[in-house]
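Chemist: Pasting a structure here, questions to come.
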Amino acid sequence: MAKRSLGKSAIAAVITRYRAIRARLGQCLRRGDPDYSEVTGLAQQSGRLRQQIRDYFRRKRERRAQTLAETRSGARRRASA
């Protein structure tokens, strides 16, 4: 499956969906749901969404660091010239 970039509204939707799934999973666990397949499915969906969120913020952090490094190196070049 190809990785795709998530925009701000898309990541907000993923986070909202993640929270809803976590709430449903919590309800299933609190009531001792005998449907193990439902509980497992919710846990797997939660894990996949958490990974998407983690990847989004990791990429965002890397882009910010790269931009900052480029800005600093450009400032050094201008200062030494």
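Chemist: Every residue in the range 23-51 that is farther than 23 Å from Ala13 by Cα and either touching a strand residue (DSSP E or B) at 6+ places or on another chain (Cβ under 9 Å) or loosely packed, with under 11 Cβ neighbours inside 10 Å (or both), please.
Modeler: Within the range 23-51, Arg30, Arg31, Gly32, Pro34, Asp35, Tyr36, Ser37 qualify.
Chemist: Restricted to the range 17-39, and to residues that are modelled with pLDDT under 95 and among the hydroxyl-bearing types (Ser, Thr, Tyr), which residue is farthest from Arg63 (Cα to Cα)?
Modeler: Tyr36
Chemist: How many residues are surrounded by 15 or more Cβ atoms within 10 Å (Cβ to Cβ) and among the basic types (Lys, Arg) if we restrict to the range 52-64?
Modeler: Residues flagged as surrounded by 15 or more Cβ atoms within 10 Å (Cβ to Cβ) and among the basic types (Lys, Arg) within the range 52-64 amount to 0.
Chemist: Something else now. Restricting the search to the range 27-58, which residues are in contact (Cβ under 8 Å) with a residue 24 or more places away in the chain and among the basic types (Lys, Arg)?
Modeler: Selection gives Arg50 alone.
The values are calculated or read from the model by the stated rules, or taken from the named source; none is laboratory data. Remember, it's a predicted structure, so these values are computed and weren't measured experimentally. In this analysis, Cβ positions are derived from the backbone assuming ideal geometry, glycine residues included, and neighbour counts consider all displayed protein chains.
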